[in-house]
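Worksheet: the structure to be examined is printed underneath.
The values are calculated or read from the model by the stated rules, or taken from the named source; none is laboratory data. This one's a predicted model, so the numbers in the text were calculated from it and none came from an experiment. A quick note on method: Cβ atoms are made from the backbone with ideal geometry, for glycine too, and the neighbour counts reach across all protein chains shown. For the accessible areas, the whole protein counts, side chains as well, though only heavy atoms, and no ligand, DNA or RNA atoms are used. Shrake-Rupley method; radii C 1.70, N 1.55, O 1.52, S 1.80 Å.
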Amino acid sequence: MNTHIDEAKRILVTNDRGGYTVPTDRLYPFQWNWDSAFVAMGFALYDTDRAYRELERLVEGQWADGMIPHIVFHQPSDTYFPGPSVWRTKHTIPTSGITQPPVFVIALRKLHEAAGNKDRTLPLYEAALKWHRWWYSARDPEGTGLVALLHPWESGSDNSPAWDVALARVPTTTDTPVVRKDTGHVNAEMRPRDEDYRRFIHLVDTYAACGWDPARQWEKAPFKIAEIQTTAILLKAGEDLEYLARLFGRTEDAAEIATLNERTRQAILVQWRPALSRFVSRDLISGEDVEAATQAGFIPLLSLDLDRQIADALVDEMKAWSEGLKVAFPTTKPGIAGWEPKRYWRGPAWAIINWLLIDGLKRNGHTEAAEELRRSTVSAIEAEGFAEYFDPITGEGCGGLGFSWTAAAYMWLM
Ligand code: DGY
């Protein structure tokens, strides 16, 4: 028996708060959207009932307009900022007012394949479809095929160098006092800077003043990025949603989703930049490409069957970034300005990003590169434990410890 798997399961038990799993104790004491989706895939391997509960509890936070928020505050905690009083949203169960990448549907398909429980899958499918429609209406009102993020937290890659240029335009003034709690749990050098937090909260204040109405937010947003990682994940979610629609005989839904998928597929391909060997996001305020060298540019591997030439170029570039590292894949290209191997999304390797990349490499026929990345991820975890993320140079486990999605990723990758 693999004792690391036992340990991974123990972490999920420890982080259980009643049918949902916190990412880690104290630092993240609520239910986070994409964390729960990864965790549900972990549970799907050995406890499908618990996997369904994870997704069902997340859907308790779904808004009437279809959005599934990035945090559901099921019960109070004073170890996290910003809590419900900062978000000022109106949902019955307090939630944040922004969303996160829709890994939910990817998890739902895997769970349905493992459990085959139509009675439990169907309501979650309905919730996912509502959310899918919300993405296209609220975050792509002009029908471009790419969805936009209005807050860096929506990407899950909070302080990525990808946001540096766009975020610098966001004022540091806030109506809400910024009283950080995260740096009381984790070394400040591993977290976003105070200035980032002031901008993060400026955005929350701005959207709260719009009453969290998507059209007003779209109009007032000082940060608006048509983002390649989230859009690529949305396309994979769209593929899985279409699969479930067909399985359940929902032919009209399937046709609607297929049209959206095709639009998004074409829009992602337009974002390919051969000179960079990556896909890029677009800053909708400046109209410019986001050229920062981050992991996001490789995530389209997950949801497109790419031309050989493009897939090979992506893999060569990934190899170049990974050369000489103890742990791949770095979330920022090593050595560039802005690269910080221990600071959250500015360089470290994350097991869940690797998981997406591994699936994408396999999909595109690069099984050897996928296997190499799988081994790198698994040995980092076996050496350092279930840390939030890893310093790619030293291999050190960083950020929060006993982390739920790292535990789920380990089980999935074994
Ligand atoms: C945080 O608080 O660090 C989260 O990533 C925001 O979702």
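Selection within the stretch 65-76: residues that are under 25 Å from His132 (Cα atoms) and not hydrophobic (A, V, I, L, M, F, W, C). The member of this set that is nearest to the ligand (Cβ to nearest atom) is His70. Criterion applied to Val270, Val280, Val290 was being open to solvent by 30 Å² or more (accessible area, probe 1.4 Å) and either within 16 Å of the ligand (Cβ to nearest atom) or closer than 30 Å to Lys220 by Cβ (or both), and the one residue passing it is Val270. Looking across the stretch 205-228, the residues that are of a type outside the set (A, V, I, L, M) and open to solvent by 20 Å² or more (accessible area, probe 1.4 Å) come down to Thr206, Gly211, Asp213, Pro214, Arg216, Trp218, Glu219, Lys220, Pro222, Lys224. For the stretch 303-321, filtered to residues that are open to solvent by less than 10 Å² (accessible area, probe 1.4 Å) and of a type in the set (A, V, I, L, M, F, W, C), the residue that is farthest from Thr332 (Cα to Cα) is Leu304. Of all residues in the stretch 378-392, which are surrounded by fewer than 17 Cβ atoms within 10 Å (Cβ to Cβ) and among the aliphatic types (A, V, I, L, M)? Correct list: Ala383 only. Picking from residues in the stretch 337-351 that are modelled with pLDDT of 95 or more and out of contact with any Phe, Trp or Tyr (no Cβ under 8 Å at 6 or more places or on another chain), the one that is most open to solvent (accessible area, probe 1.4 Å) is Lys342. Of all the residues in the stretch 45-61, those that are of a type outside the set (Phe, Trp, Tyr) and crowded, with 21+ Cβ neighbours inside 10 Å number 5.
Would you confirm, using the coordinates I've provided, whether Glu126 is farther than 27 Å from Asp205 by Cα and either within 16 Å of the ligand (Cβ to nearest atom) or assigned to a helix (DSSP H, G or I) (or both)? When the stated conditions are applied, Glu126 passes them.
For Thr14, are the conditions met, namely being within 15 Å of the ligand (Cβ to nearest atom), within 22 Å of Ala380 (Cβ to Cβ) and touching a Gly at 6+ places or on another chain (Cβ under 7 Å)? Against the criterion (within 15 Å of the ligand (Cβ to nearest atom), within 22 Å of Ala380 (Cβ to Cβ) and touching a Gly at 6+ places or on another chain (Cβ under 7 Å)), Thr14 does not qualify. I'd like the full set of residues that are crowded, with 18+ Cβ neighbours inside 10 Å and in contact with an Asp or Glu (Cβ under 7 Å, 6 or more places away or on another chain), limited to the stretch 168-189. Across the stretch 168-189, the qualifying residue is only Thr174. The helices (runs of 4 or more DSSP H) falling completely within the stretch 1-100 that include 3 or more residues that are under 18 Å from the mean Cα position of the chain (by Cα) map to 33-44, 48-59.
The set of residues in the stretch 57-115 being under 30 Å from Glu242 (Cα atoms) and hydroxyl-bearing (Ser, Thr, Tyr) consists of Thr95, Ser96, Thr99. When Thr79, Thr92, Thr144, Thr99 are screened for being at pLDDT 95 or above, hydroxyl-bearing (Ser, Thr, Tyr) and either in contact with a Cys (Cβ under 7 Å, 6 or more places away or on another chain) or away from the ligand (no atom under 16 Å from the Cβ) (or both), only Thr144 passes.
For (1) free of Cβ contacts under 8 Å to residues at least 12 places away in the same chain; (2) more than 23 Å from the chain's Cα centre (by Cα); (3) away from the ligand (no atom under 16 Å from the Cβ); (4) within 30 Å of Phe81 (Cβ to Cβ), each residue gets a yes or a no:
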site: Leu108; (1), (2), (3), (4): no, no, yes, no
site: Trp135; (1), (2), (3), (4): no, no, yes, yes
site: Ala148; (1), (2), (3), (4): no, no, yes, yes
site: Ser155; (1), (2), (3), (4): no, no, no, yes
site: Ser160; (1), (2), (3), (4): no, no, no, yes
site: Thr174; (1), (2), (3), (4): no, yes, no, yes
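Residue count for the stretch 31-44 satisfying the condition of being more than 22 Å from Met414 (Cβ to Cβ) and either more than 16 Å from the ligand (Cβ to nearest atom) or open to solvent by less than 10 Å² (accessible area, probe 1.4 Å) (or both): 2.
For the stretch 201-225, a residue qualifies if it is touching a residue at least 60 places away in the same chain (Cβ under 8 Å) and within 15 Å of the ligand (Cβ to nearest atom), and the qualifying residues are Ile201, Val204, Tyr207, Phe223.
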